[in-house]
Amino acid sequence: MAKIVGGVTTSHIPAIGNAIAKELFEDPYWKPFFDGYPAVRAWLDKVKPDVAIVVYNDHGLNFFLDKMPTFSVGAAFEYENRDEGWGLQPLPPYPGDPELSWHLIESLVADEFDICSCQEMAVDHGFTVPMSLLWPDRAARTVKTIPVAVNTVQHPLPTPARCFKLGQAIGRAVESYGKDLKVVVLGTGGLSHQLDGERAGFINKAFDLMCLEKIVDEPETLARYSIHDLVRLAGAQGAELILWLIMRGALGDKVSKVHSNYHIPISNTGAGLLVLESA
Amino acid sequence: MAKIVGGVTTSHIPAIGNAIAKELFEDPYWKPFFDGYPAVRAWLDKVKPDVAIVVYNDHGLNFFLDKMPTFSVGAAFEYENRDEGWGLQPLPPYPGDPELSWHLIESLVADEFDICSCQEMAVDHGFTVPMSLLWPDRAARTVKTIPVAVNTVQHPLPTPARCFKLGQAIGRAVESYGKDLKVVVLGTGGLSHQLDGERAGFINKAFDLMCLEKIVDEPETLARYSIHDLVRLAGAQGAELILWLIMRGALGDKVSKVHSNYHIPISNTGAGLLVLESA
Amino acid sequence: MPLQPSPTKDPIPGTVIFDGAMAMRGYALNKMCYSFNEEAGRAAFLADEDGYCDRFGLNEAQKAAIKARNALDLIAAGGNIYYLAKFIGMLGLNVQDVGAQQTGMTVEEFKAKLQAAGH
Amino acid sequence: MPLQPSPTKDPIPGTVIFDGAMAMRGYALNKMCYSFNEEAGRAAFLADEDGYCDRFGLNEAQKAAIKARNALDLIAAGGNIYYLAKFIGMLGLNVQDVGAQQTGMTVEEFKAKLQAAGH
Ligand SMILES: [Fe+3]
Ligand SMILES: [Fe+3]
């Protein structure tokens, strides 16, 4: 039977992708951020997941406002990265696990989640940056991927409570899959940041630290916020915390914290990193 | 406050659109079908709805398998009809009510329905045929429209129970809208038919008649079927009964039957017609 | 046939459920058929059937079924009836022609079978 | 700022929630910016800015804001930051340039404000 071995949270902002491309790992601005990741990779080397379910938000590459689904689940043989408008060379495609995707979709729809299934799906920095951070050696990477995209572009966004329940349903779905697979769930994005408006540059360290603590043992506390609360407390893009809640829901009641890091700022963002192992 | 005044169920197969274009109203094959509709139009003339929420399934015009949402709600100023591949001249666009659309979407997402919002949306025969049957005089038509599209193309389809709950949530959403509007809900498609496979041409009159009876006062009975049940009992495309269940859910507990008709066959289909008035 | 709900999911004879397994098999074929919504797609296909099939990456079974205009083979190769309908419509066939083909009847026999369901 | 959930939905100063009302206003602008994912869209815009705006049906406020490269005006005209980011990126600006513009700071001041949030 398939098993969720744990989860990782990480920022996914494009500036990280640029810094990786320029190999700024020892640059004084970037070092405190990148120094958080060797411990994550050591954990991944130990648990050796077969599949990564990558919970992210599309930032206007694969989805436009003509068709904006709340929750999308990839069901493709591979996922292409494409130019997002700033002219960067796209990364090579990511192999999928469509059989597990369809199992997830069957299970989630039966569980009354109104999923958008995507048999072709371009993934943007929200997906690729975490993959580059966690598996930098592309040639050695064997993990398959399943993108789960969540609408954070067009309000109404799904409530934190709904997202936490989606995570729980993903957890049940994986545990009911017949194949012997180890699955890791990535909750990407966050923590506090705001790009738009006179409030651009808003960061809330106290809120971020509280989230990093509560999400381990009391995620329900975070699921009680409204989206409006998250925008107020974490900034307009800080609402990406809902992606972390999906990850956390999938891990089940008890988890143990393997590793964490927090650094302000990278670009406009408070960057939170966590490795949680399922009990 | 807005109010749902009632609902109409009707077949939406393309052959009806052809027969309308050719004005086959008195043709012996078509007459028993078209004769059911003057009573529906008389009822609409009496209740004068401002908005029609049209629950239908896209048959491969607006949605492809790359992005197949379970439930989509239109939020456009108008909805275009387009050529579906057989070269027919498209009908003129249908005016929307985006303000009510956004109220619906806000309310449904808060209610934990994972809606795909569509600010641009081409509507196919599943939407246009019912509109032509109910409001044949386009110049005199003042009703605005909100398309609600349901995935019947790619299994898993949403369960009948989930669809009935979506209808109930649509009902709550409309009743909480601040403007004084009368809303009619169309449940289109069905009843039994199957186009594909060695079982093509399957029709189940007994099941259809049971549905026409139960949906009035005991819709929960129908919500208990699985999609697999519906395919078995009503044929592969007979699963469109879920669209009727959404309509019925929106009407609330008590309804009265104003009119009904049933005729076999039109094309490959058992055609069921109902007008239900909200209590 | 009893009209009650049933907990079983026994196969339904003569019926292919278009689920994930079929979707994985038929994606290229269905994508090609979806392109027939556009006049340009239909014209390009009719001008060069094989070239158009190759452009969408159809496999041999799919190409053969397209060439033969064989609905059952198209379905077995992963075709979804909603997209296949565009191919069928482009050829000037309707759902009764295709129903007859799939059931091994003449169109008249197929229509008679539908009429009989009303009694 | 108290960290508890709140039942109120008071406006958040300096923040526009991109809801249905904003979406209705900004559709043409956002659709144009979405087209900047493609190199062809970016080239066509840069070759003829006004013509490209007209092709997408931008209104006067949207055209003026595009011409002025003014982020606050673009947002007020219905622009969504995720699509605007493509316009901004095409111009060679990053989120800190735009943050500075929106807050009336120099880029250095804006960066210093972000650094300060860590303490
Ligand atoms: Fe993001
Ligand atoms: Fe239909």
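The values are calculated or read from the model by the stated rules, or taken from the named source; none is laboratory data. Given the structure is predicted, the values throughout are model-derived calculations rather than measurements. Every residue, glycine among them, receives a Cβ derived from its backbone with ideal geometry; neighbour counts consider all protein chains shown. Just so you know, the surface numbers come from the protein's heavy atoms only, side chains and all, with ligands and any DNA or RNA stripped out. Shrake-Rupley method; radii C 1.70, N 1.55, O 1.52, S 1.80 Å.
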If the requirement is being more than 8 Å from chain B (Cβ to nearest Cβ), without any contact (Cβ under 8 Å) to a residue 24 or more places away in the chain and of a type in the set (G, A, S), which of these qualifies: C:A117, C:A100, C:A76?
C:A100
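The rows are residues; the columns are (1) open to solvent by less than 10 Å² (accessible area, probe 1.4 Å); (2) within 16 Å of ligand 2 (Cβ to nearest atom); (3) out of contact with any Gly (no Cβ under 7 Å at 6 or more places or on another chain); (4) among the charged types (D, E, K, R).
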{"residue": "B:K179", "(1), (2), (3), (4)": "no, no, yes, yes"}
{"residue": "B:V183", "(1), (2), (3), (4)": "yes, no, yes, no"}
{"residue": "B:L191", "(1), (2), (3), (4)": "yes, yes, no, no"}
{"residue": "B:Q194", "(1), (2), (3), (4)": "yes, yes, no, no"}
{"residue": "B:L209", "(1), (2), (3), (4)": "no, no, yes, no"}
{"residue": "B:D217", "(1), (2), (3), (4)": "no, no, yes, yes"}
{"residue": "B:T221", "(1), (2), (3), (4)": "no, no, yes, no"}
{"residue": "B:Y225", "(1), (2), (3), (4)": "no, no, yes, no"}
Residue satisfying all of: in segment A:26-53; among the small types (G, A, S) and farther than 21 Å from A:I146 by Cβ; nearest to the other protein chains (Cβ to nearest Cβ) among these:
A:G36
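Rundown of residues vs (1) under 20 Å from A:H103 (Cβ atoms); (2) aliphatic (A, V, I, L, M); (3) in contact with a Phe, Trp or Tyr (Cβ under 6 Å, 6 or more places away or on another chain); (4) away from ligand 2 (no atom under 16 Å from the Cβ), yes/no style:
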{"residue": "A:T128", "(1), (2), (3), (4)": "no, no, no, yes"}
{"residue": "A:V148", "(1), (2), (3), (4)": "yes, yes, no, yes"}
{"residue": "A:Q154", "(1), (2), (3), (4)": "no, no, no, yes"}
{"residue": "A:L157", "(1), (2), (3), (4)": "no, yes, no, yes"}
{"residue": "A:A161", "(1), (2), (3), (4)": "no, yes, no, yes"}
Flag if B:K254 is more than 15 Å from ligand 2 (Cβ to nearest atom), touching a residue at least 24 places away in the same chain (Cβ under 8 Å) and surrounded by fewer than 19 Cβ atoms within 10 Å (Cβ to Cβ)
yes
Restricting segment A:11-25 to residues that are more than 14 Å from chain D (Cβ to nearest Cβ) and assigned to a loop (DSSP other than H, G, I, E, B), the residue that is nearest to ligand 1 (Cβ to nearest atom)
A:L24
Please determine whether any residue of segment D:5-17 is within 14 Å of chain B (Cβ to nearest Cβ) and within 18 Å of A:E198 (Cβ to Cβ).
yes
Assess whether A:L222 counts as being more than 7 Å from every other protein chain (Cβ to nearest Cβ), touching a helix residue (DSSP H, G or I) at 6+ places or on another chain (Cβ under 8 Å), farther than 20 Å from A:F33 by Cβ and not charged (D, E, K, R).
yes
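Matching residues to (1) in contact with a Ser or Thr (Cβ under 8 Å, 6 or more places away or on another chain); (2) closer than 28 Å to A:N151 by Cα; (3) open to solvent by 20 Å² or more (accessible area, probe 1.4 Å):
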{"residue": "D:A47", "(1), (2), (3)": "no, no, yes"}
{"residue": "D:A61", "(1), (2), (3)": "no, yes, yes"}
{"residue": "D:V98", "(1), (2), (3)": "no, yes, no"}
{"residue": "D:G104", "(1), (2), (3)": "no, no, yes"}
Sole miss for D:G92 among (1) open to solvent by 30 Å² or more (accessible area, probe 1.4 Å); (2) assigned to a helix (DSSP H, G or I); (3) within 14 Å of chain A (Cβ to nearest Cβ) is condition (2)
Among the residues in segment C:21-28, are any of a type in the set (K, R), touching a residue at least 12 places away in the same chain (Cβ under 8 Å), farther than 18 Å from B:P156 by Cα and assigned to a helix (DSSP H, G or I)?
no
Sole residue being over 22 Å from B:D137 (Cβ atoms) and assigned to a helix (DSSP H, G or I), chosen from B:P28, B:P32
B:P32
Step by step: first the residues of segment A:120-137, then only those that are outside any helix (DSSP H, G or I) and within 16 Å of ligand 1 (Cβ to nearest atom), then the one that is farthest from the other protein chains (Cβ to nearest Cβ). Which residue is that?
A:V123
Determine if segment C:24-32 includes at least one residue that is more than 14 Å from chain A (Cβ to nearest Cβ) and open to solvent by 20 Å² or more (accessible area, probe 1.4 Å).
no
Give the residue that is farthest from A:R82 (Cα to Cα), with candidates limited to residues of segment A:129-148 that are β-branched (V, I, T) and open to solvent by less than 10 Å² (accessible area, probe 1.4 Å).
A:V143
